[in-house]
Amino acid sequence: MDAPAGPTRGPAARSCPDADVGLLAPDELAAHERLNALGPDVMAPTDALEPGGTFDRAEAARRIRGRGGDPVNPVILDQTMVAGVGNIYASEGLFLAGVDPRRPAESVTDAELDALWDAVCPMMWGGTTRWGRTQTTPPAMQERGETHWVYQRKGKPCLVCGTPVELVRLPPYDRATYLCPVCQA
């Protein structure tokens, strides 16, 4: 199956013998099949390196909804749909957006996707400034030892409503996906 056409991209990093990192020129990037198969990059910055700067939300929505009845969590983990989102950010972002990770991708609204990206982009940008374990809760909660909203909290009370957090595994990756069955109903 052919990958969906990607948006125009800027320079991409590549290995360079004289330096730790180099950049691909636009013509080199255009010829790079694997990089061009990636979806819109959640971490795409503006020139001022602002969170979510040039991330193409409309293209991400088109790709996600194009997966029809597939559960939304594994769809957003598919790097050809959206580049950069990993398992922690998928669970945490869907929780903060109030979206059940088992919902069909085609049913997720623009407002819900905007809420997802509004949660995920700052968390991921914040994660680039810290070393060590990813923490997704506000600093005051982290000081109390609450580092995640739902991720790896199976059976523990939801930090919002107190309902036990659930763990589900969704095809095709069967990755651990965490959710609050009340907040994400």
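Protein chains only, probe 1.4 Å: how do Arg103, Arg63, Arg153 rank by accessible area, largest first? Before the final figure, lay out each step's value.
Working: Arg103 60, Arg63 5, Arg153 30 Å².
Largest accessible area first, the list is Arg103, Arg153, Arg63.
Val165's amide H: which non-local residues (gap 5+, or another chain) put their own amide H closer than 5 Å, with H modeled 1.01 Å from N in plane and none for Pro or chain starts?
Result for Val165 returns Gly155, Lys156, Cys158.
Could you order the peptides 136-146, 31-41 from most to least packed, using the average number of other C-beta atoms within 10 Å per residue?
Put in order of decreasing packing, that is 31-41, 136-146.
Place +1 on the Cβ of every Lys and Arg and -1 on the Cβ of every Asp and Glu in segment 82-185, take the dipole about the Cα centre, and give the residue among Ala97, Gln184, Ala140 whose Cα lies farthest towards its positive end.
Ala140
May I ask you to derive the FRET efficiency for Asp118 and His32 from their Cβ-Cβ distance with R0 = 22 Å, giving the value to the nearest 0.05?
0.15
The values are calculated or read from the model by the stated rules, or taken from the named source; none is laboratory data. Given the structure is predicted, the values throughout are model-derived calculations rather than measurements. Reconstructed Cβ throughout: ideal geometry from the backbone, glycine too, with neighbour counts over all protein chains shown. Quick note on the areas: whole protein, heavy atoms, side chains included, nothing else; ligands and nucleic acids left out. Shrake-Rupley method; radii C 1.70, N 1.55, O 1.52, S 1.80 Å.
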